[in-house]
Every structure is written in structure tokens, then in C-alpha cells.
Amino acid sequence: MSKFSRRDFLRTTAGAAAAGTVGVGGALWTPEAYAQGKWVPEKGAKLRVLRWKRFVQGDEDMWLANTKKFAEKYKVDVRVDSEGWEDVRPKAAVAANVGSGPDIIISTFEDAHQYPDKLTDVTDVCNYLGGKYGGWYDVCKEYCTEKGKWVAVPMGCAGNAMVYRESAMKAAGFETFPKDLPGLLKLCEGLKAKGMPAGFALGNATGDGNVWTHWLVWAHGGRMVDAKNNVVINSPETIAALEYAKQLYATFVPGTLSWLDPNNNKAFLDGQIGLTCNGISVYYAAKTSSDAKVKAMAADIGHANMPVGPAGKPTELNLFFPMMLFKYSKYPNAAKAYLAYMMEKEQYEPWQKASIGYVTQPLKAYEKNPIWTEDPKHTPYRDAMKIMLPNGYAGDMGYASAATMADFIMVNMVAEAASGSKTPKEAAERAQKRAERYYKV
Amino acid sequence: MLPAGLLLLVFLTYPLGLGTWLGFTDTKIGRAGVWVGLDNYRFLWGDEVTRLALFNTLFYTFVASVIKFALGLWLAMLLNRNLPFKSFFRAVVLLPFIVPTALSALAFWWIYDAQFSIVSWSLMKMGLIDRYIDFLGEPWLARFSVIAANIWRGIPFVAICLLAGLQTISPSLYEAAALDGATPWQRFRFVTLPLLTPIIAVVMTFSVLFTFTDFQLIYVITRGGPLNSTHLMATLSFQRAISGGSLGEGAAIATAMVPFLLAAILFSYFGLQRRAWQQGGNDK
């Protein structure tokens with residue numbers, strides 16, 4: 001039996017898009033074909049939305065304001081609940097399991113691939129939005145399509161970048177942020193010498209730990225699995241990455257082995273470190289701080305995309321947000337109307353502005369949102385979706401990739417090698433064995 | 001009988017039975033599993049992280065329970081004396097137990113922070129150390145740090161329960177022992193301890209159960225890190241079952257805790273509730 005994979009779908013849609021450009025499929029893809037209001041909410045519809053709790057206040061305020069606008073316009077009662085982002089995933093899984101819960105859940109990473117048969121087909125919404133706003137970045141299709149159908153609407157991703165103190169970087173002898181790995185190591189050594197060391201989370205930090213360790217291994221050409229889902233983490237490339245991690249770790253502020261997600265933000269804003277990897281929330285916190293000293297720090301904060309390693313291309317992992325509409329929802333049309341409404345330019349761009357770009361857009365047209373250029377410090381986050389790799393790279397997304405990340409296999413491997421508790425070879429072998437369990441060798 | 005039986009069936013037997021059954025399947029979140037027999041247990045036995053979590057759990061439970069017992073008993077005996085402001089002190093002792101675990105765990109998270117620890121800060125100010133202590137960054141230090149947090153939180157339970165037990169001992173027994181010329185140690189050994197043993201058995205059984213199944217302190221303070229050195233069976237079970245979606249494997253880890261818990265209960269039952277000994281006789 002032949003299986004229509006996501007890759008087949010990507011090829012097919014790429015073909016359709018190409019056809020569109022030469023006019024063959026133009027009529028199908030014009031925005032006019034998808035007039036807003038296509039989804040007429042059911043009479044008396046009520047929606048429950050569960051989303052991750054904001055990292056920056058502006059996000060939540062504007063999301064709720066936009067929701068209110070929708071509720072008034074379409075006469076649909078919408079309740080938005082927020083939970084800590086790590087709690088949303090298990091709740092979504094339970095909702096999928098028991099067939100009851102919020103109509104829409106805005107979760108993280110590859111959740112849509114864990115229970116695609118429980119999700120409503122939202123291809124119509126995604127085709128409408130994609131057609132109207134310049135198309136979706138490829139990684140969105142990786143995350144949100146299954147067997148040729150969209151099973152979630154991409155909300156965007158929390159982009160990550162190198163967050164540094166410009167004064168410290170200059171004191172360390174760099175005028176601009178290095179774009180390669182040797183340069184990054186040299187910068188970290190310089191920062192340590194100047195008393196403003198770097199700090200990257202190596203504890204079981206679901207967000208920050210996974211983000212930078214995946215980038216590091218991918219940048220060296222290492223990867224957990226190949227395109228056929230064979231576990232290949234125990235490779236010369238990975239070992240090279242771990243040797244590099246060891247050198248980098250020697251320059252870190254003490255204590256990073258225990259760092260959870262909030263630690264690097266706290267240490268950075270307290271002026272104890274000069275470099276970390278984070279979302280734009282550090283800058284947002286400094287900019288909006290009521291403490292004059294912290295507020296003044298904002299002018300000294302710089303952002304840069306993660307350096308490129310021997311892999312020869314950007315290898316960032318960012319926190320992706322799929323918006324899933326569950327089949328058990330009694331009001332699928334109202335839910336689709338809501339999803340489409342929230343992604344329309346009139347709502348999406350002000351929302352991005354309110355959170356100074358905490359969420360990077362999944363639709364290409366929003367690259368032009370002035371938020372990305374009105375403050376040059378925002379710009380590196382603009383391309384997060386364009387340059388990121390999906391979790392589980394270079395294999396398929398699903399249960400195995402999610403479980404491998406949740407079990408901190410990549411983070412533990414880097415931490416073991418960096419701290420010297422295991423040799424790079426031992427750490428890679430152990431990671432291989434652990435990952436094989438999930439990928440069922 | 002029927003309501004009680006129903007309650008036990010719905011809230012105890014069914015979840016336990018379901019958990020045990022799930023441990024023999026490869027159920028994933030959102031996907032029904034199939035029977036895999038002992039496959040989960042075979043994997044867990046060979047899994048270094050699980051074995052480390054088992055060691056951590058046993059070590060954590062043993063060290064924390066012994067210290068909680070010793071300090072709790074000592075505190076109970078102090079509070080049993082005629083101290084000034086006795087009621088006030090008894091109330092204060094309960095405070096760590098009253099504070100929600102998540103809150104006290106957050107407080108410890110700050111106390112042990114690599115950059116902001118009040119302990120490190122104080123020692124630095126006193127000139128006793130020249131750099132902050134990495135409480136949670138070094139595996140053994142992290143283990144002892146979370147054990148200390150557990151002890152702080154668990155002592156009141158032990159102390160107050162034992163205090164209640166001490167107050168049931170008739171003062172006339174101590175007077176009689178004093179008249180016989182018993183030393184303080186002999187009074188403790190031959191009066192207090194035998195009469196307190198049934199309470200100790202109950203208190204320590206509960207204390208061991210609570211410690212063995214601890215989750216919140218670890219989840220908030222370390223998430224099982226660094227390098228999984230503070231992962232307990234309960235936190236690993238959650239990580240695999242809920243965050244990772246492997247319900248079957250997570251259930252197997254949870255089920256694997258049951259024999260240890262039963263052993264603790266049986267030890268306390270047969271080891272400590274020896275009635276002949278308590279009543280001055282000899283155990284056969």
C-alpha cells in the first residue's frame with residue numbers, strides 16, 4: 001500500500017504553487033476565491049481556546065483584544081484559557097485521548113502529528129491564508145500537514161537568537177557578532193576574560209536547553225535521525241559537536257548544568273552574563289522594566305542569528321506553535337472562522353507589534369511588518385521561521401521525535417560531554433541507545 | 001459497606017488496575033496500545049536513566065527518612081518538655097508542613113540558585129567562600145540539596161505525630177523508672193521507645209511512602225537534572241508518560257514503585273509492630 005507522506009505533499013503543493021505562477025492554477029489560489037466569512041459560525045456557537053501562557057504581556061493583551069473583536073463581530077462567545085506552555089502539551093494529549101476539552105488548543109512543536117486523526121482538517125483555512133498572505137514557510141507544512149491535509153493552523157514560532165551585551169562583546173574584541181563557530185568560541189573566551197561570561201542552559205530546560213543543543217549538534221552536521229528515521233546520533237559529526245561543546249562550556253558562568261528555562265533570563269537581566277540564547281523576551285523585559293538600571297540595559301542588548309557551522313546552513317530549532325481544532329468540537333465553522341480571523345493582517349500584525357515580535361510569523365507576507373525594522377534589534381527574529389529546522393530533523397515528526405525531545409536526550413548528551421562526566425564518544429553512544437528505544441530499532 | 005466499597009473500587013482499585021495494565025502495553029497518548037507483555041519492564045531494566053532514577057529514589061528515601069526520623073524524634077522530645085511558649089513553638093514547627101509544597105520548592109529553587117543563592121551570598125559576605133556554591137549543578141551536591149529540602153518539609157509531620165504519641169505515655173511510668181534509679185537513656189530505651197513504637201511504625205511508614213513518591217520538590221527545583229542525578233521514579237514516570245507521551249512506559253515505571261512501597265509497609269508492620277516486645281516480653 002502506498003503512503004502519501006508529508007514529503008509527497010510538499011512536492012505536490014510545490015508543484016501546485018509553481019502551476020499557480022504560470023497561470024494554470026491561478027484561479028484556485030487567488031485570495032478572492034477565499035473571501036473572508038467563508039466559515040459561517042454555527043448559531044449560538046461557543047468556543048473554548050486553550051493556549052500557552054504569554055512570555056510577554058503585550059502578546060496576551062492583544063490576543064485577548066483580538067478575540068474580543070471576533071466575538072463581537074461574529075456573535076460567538078469565546079473563552080481563552082492560558083496554561084504554562086509545558087502543561088498545554090499533556091492537556092492537549094488528554095483532550096485527544098478522551099475526546100473532550102477545548103475546541104482549539106494552541107500547543108507546541110509536533111503535537112499535530114501525535115494524534116492527527118483526532119484533528120479537524122483545516123486545509124481550507126490554510127489554503128485561504130496561504131493564498132492571501134504570500135504562502136507558508138516550508139517548515140509550517142512539515143509541522144502541520146499529515147497525508148496531504150493540514151491538521152493544524154500554524155500560529156508562528158517563538159524565535160531564538162543570540163542575545164548579548166554589545167559593550168561586553170566590544171570589550172572582548174568583536175565589533176560584530178561572529179557568524180561562525182570558531183568566532184563564537186573566541187568571543188566566549190573573551191567574554192569570560194572580561195568577567196561577563198556566556199551562559200547556556202544545560203539542565204532539563206525544555207525550551208532553552210533543547211533549542212541551543214539541537215542547534216549546536218545540527219550545526220556540526222550531526223542529527224538524531226536520518227531521512228529514513230534511522231537513529232544516527234552516534235556519528236563523527238556529533239562527536240565533533242560535543243568536543244566543541246566541551247570547549248564552550250569551559251567559558252560559561254558556573255551553574256549552567258542546573259539551569260532551567262528562567263535561569264538565563266534572570267542572570268542576563270542581573271548583569272551576570274554577557275551572552276545567552278533566548279527569545280526576544282529578555283529585551284522586552286529590559287525595555288519595559290520599571291527598574292531604571294534594567295531599562296538602561298536595553299540599549300546595550302544586541303541580537304544575532306545563531307552562527308553557521310560545518311553544516312553550511314542555518315540550523316536553528318525554534319518553539320513552533322500549532323493551532324489544533326479538535327474533531328469533537330461542536331462548532332467547527334466558528335472555530336475555523338476564529339483561526340482565520342486571528343491570522344488576518346488586521347489582527348496578526350498589531351499582535352506581533354504588541355509583543356515586539358515574540359512570535360515570528362508563519363506567513364511570508366508578514367515579513368514586511370514594520371515591527372521587524374522599526375527597531376534593528378528586532379530584525380534577527382524576523383527570519384526565525386524561514387531558517388529553522390523542524391524537531392526530529394532529518395526524519396519524520398511524530399511520537400518518536402516528541403518523546404526523544406521530552407526525554408532530554410540531546411540536552412543530556414551535550415551536558416554529559418560538556419561537563420566531562422562522560423567522554424563525547426560515551427555520551428553519543430548513550431544518546432544513540434536511548435533514542436533507538438523511541439524510534440524502535 | 002457498599003458506599004465504602006464503591007469508593008475503593010472507583011478511586012483506588014480501578015486506577016491501580018488500569019495503571020498496571022497500561023504498564024503491559026505500548027499505549028501512547030492519543031493512541032490505544034497493544035499488549036507487549038514484559039517489554040516495558042525489560043527495556044526499563046536495561047535503561048541507564050531508569051536505573052539511576054531507582055538508585056536516586058532509594059537513596060533519597062533512605063537518607064531523608066532516617067534524618068527526618070532522628071530530627072523529628074529529637075524535636076518531639078524537646079517540645080514534650082515544659083518549655084516557655086510551648087504552644088507557640090509547637091505551632092511554628094508546623095509551618096513548613098503548612099506551606100504549599102510548590103511554594104516551598106520555589107523558595108528552595110532560589111536558595112540553591114547558582115547565581116542568586118542567599119546561602120552563597122551570606123557565606124561570601126562572611127568571607128568563607130570565594131565563589132557561589134553550585135548547589136544544583138553538581139550531581140551529588142544536587143542530591144543532598146533536594147534531600148535537605150525534603151527533610152525541612154517533612155520534619156513537622158514526624159515531629160508532631162511523635163509528640164502526640166509521647167503525650168499518651170503516662171508520667172507515672174517515668175516516675176516509677178526514676179524511683180528504680182533509671183538513667184535518662186534507660187528511661188528512653190525502656191519506657192519511651194517501647195511505648196512509642198506503634199506510633200513510630202505508622203509515622204515512618206507514611207513518611208517513607210511520601211518520600212518515595214515525592215514529585216513536586218524535584219519537579220520544581222531540578223526537573224530531574226543535572227544529568228538526571230535527581231530524577232526520582234515519580235518524576236521520570238511523569239516525564240516519560242505525560243511530556244513524552246509514552247503512557248505505557250510511564251505506567252510501568254509507576255507500577256515498578258509498588259513492590260518497594262509494599263516492602264516498606266511490610267517492614268514497618270512486621271519489624272516495628274512487635275507487641276510482645278512493646279509490653280516487656282520477649283519476641284520469639
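Computed from the coordinates by the stated procedures, all read-outs in this text should not be read as laboratory data. Because the structure is a prediction, the values reported are computed rather than measured. Methodologically, a virtual Cβ is constructed for each residue, glycine included, from the backbone with ideal geometry; neighbour enumeration extends over all protein chains shown.
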For A:Met155, which sequence-distant residues (separation of 5 or more, or a different chain) have an amide H within less than 5 Å of its own amide H, given hydrogens modelled in the peptide plane?
A:Phe321, A:Met323
Anyone know which of B:Ala251, B:Ala176, B:Ala263 comes out most mobile in the 10 Å Cα GNM of chain B?
B:Ala176
Go ahead and run the numbers for FRET between B:Leu94 and B:Asp180, Cβ-Cβ distance against an R0 of 25 Å, rounding to 0.05.
0.10
Once Lys and Arg are counted +1 and Asp and Glu -1 for all other residues with Cβ under 12 Å from that of A:Tyr244, the total becomes -2
Between 0 and 90°, nearest 10: helix A:236-249 axis offset from chain A longest Cα axis:
60 degrees
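List the trypsin sites (Lys or Arg not before Pro) within the stretch A:142-214 that DSSP assigns to loop and that have no more than 14 neighbouring Cβ atoms inside 10 Å. Could the numbers behind the result be given before it?
Values: sites: A:Lys147, A:Lys149, A:Arg165, A:Lys170, A:Lys179, A:Lys186, A:Lys192, A:Lys194; in loops: A:Lys147, A:Lys179, A:Lys194.
Sparse-neighbourhood loop trypsin sites (Lys or Arg not before Pro): A:Lys147, A:Lys179.
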Mind checking which aspartates and glutamates have their Cα closer than 20 Å to the Cα of A:Lys68? Skip sequence neighbours fewer than 8 apart in that chain.
A:Glu42, A:Asp59, A:Glu60, A:Asp77, A:Asp81, A:Glu83, A:Asp103, A:Glu344, A:Glu346, A:Glu349
Residue-count net charge about B:Leu79 - beta-carbon cut-off 9 Å; Lys, Arg +1, Asp, Glu -1
+3
Between 0 and 90°, nearest 10: helix B:139-166 axis offset from chain B longest Cα axis:
40 degrees
Modelling each spin label as a point 7 Å along the Cα-to-Cβ direction, I'd like the A:Ala65/A:Tyr328 distance in nm, to one decimal.
3.5 nm
Please identify, among B:Ala102, B:Ala177, B:Ala53, the residue showing maximal mean-square fluctuation in a Gaussian network model of chain B using a 10 angstrom Cα cutoff.
B:Ala177
Long-range HN-HN contacts of A:Ile301 with modeled amide H, under 5 Å:
A:Glu166
Nearest 10 degrees is fine. How inclined is helix A:57-74 to the longest principal axis of chain A, computing both from alpha carbons?
0 degrees
In nm, the gap between the two label points placed 7 Å beyond Cα toward Cβ at A:Lys53 and A:Lys353 is 2.9 nm
Under 24 Å from the Cα of A:Lys313, which lysines turn up, not counting those fewer than eight places away in the same chain?
A:Lys141, A:Lys179, A:Lys186, A:Lys228, A:Lys246, A:Lys364, A:Lys368, A:Lys377, A:Lys386
The farthest towards the positive end of the charge dipole of the protein assembly as shown, of the residues B:Ala105, A:Gly58, A:Gly392, given +1 on Cβ of Lys and Arg and -1 on Cβ of Asp and Glu, is B:Ala105
Reported to two decimal places, what Rg/Rh ratio describes the protein assembly as shown when computed on Cα atoms with Rh from the Kirkwood expression?
1.03
Direction-averaged shadow area of the convex hull around the Cα atoms of the stretch A:78-132, nm²?
4.6 nm²
Report, in deg cm²/dmol and to the nearest 500, the calculated mean residue ellipticity at 222 nm for chain B, where each DSSP H run with n ≥ 4 adds -39500 (n - 2.57) and the sum is divided by the residue count.
-20000 deg cm²/dmol
Under 5 Å from the placed amide H of A:Asp81, counting only residues 5+ away or on other chains, we find A:Val49, A:Leu50, A:Arg51
Of A:Ala402, A:Gln247, A:Thr423, which is farthest towards the positive pole of the protein assembly as shown's charge dipole, taken about the Cα centre with +1 and -1 on the beta-carbons of Lys, Arg and Asp, Glu respectively?
A:Ala402
Pairs beyond 30 Å (Cα-Cα), from A:Lys53/A:Lys295; A:Lys295/A:Lys353; A:Lys149/A:Lys433:
A:Lys149/A:Lys433
Which order do A:Thr315, B:Thr20 fall in if you start with the one that has the fewest other Cβ atoms within 10 Å?
B:Thr20, A:Thr315
When A:Trp52, B:Trp121, A:Trp39 are ranked with the fewest other C-beta atoms within 10 Å first, the list becomes B:Trp121, A:Trp39, A:Trp52
Do any GluC sites (Glu not before Pro) in the stretch A:107-197 lie in a DSSP loop with no more than 14 other beta carbon atoms within 10 Å, and if so, which?
A:Glu175
With springs connecting C-alpha atoms under 10 Å apart, model chain B as a Gaussian network and identify which of B:Phe135, B:Phe267, B:Phe144 has the largest mean-square fluctuation.
B:Phe267
How high is the relative contact order of the stretch B:41-278, given as a whole-number percent (alpha carbon pairs under 8 Å, six or more residues apart)?
28 percent
Mind listing the phi-derived Karplus ³J(HN,Hα) values for the stretch B:8-24, rounded to whole Hz, using 6.51, -1.76 and 1.60 with θ = phi - 60°, and x for any glycine or proline?
4, 5, 6, 9, 10, 5, 5, x, 5, x, 5, x, 5, 4, 4, x, 9
Qualifying lysines (Cα of each under 22 Å from Cα of B:Lys125; at least 8 residues distant if same chain)
A:Lys266
Run lengths n ≥ 4 of DSSP H only: what is the helix-derived mean residue ellipticity at 222 nm for chain A, with -39500 (n - 2.57) per run over all residues, to the nearest 500?
-13500 deg cm²/dmol
Karplus (6.51, -1.76, 1.60) ³J(HN,Hα), θ = phi - 60°, over the stretch A:171-185, in Hz, Gly and Pro reported as x:
4, 7, x, 10, 8, 10, 6, x, 9, 10, 6, x, x, 5, 4
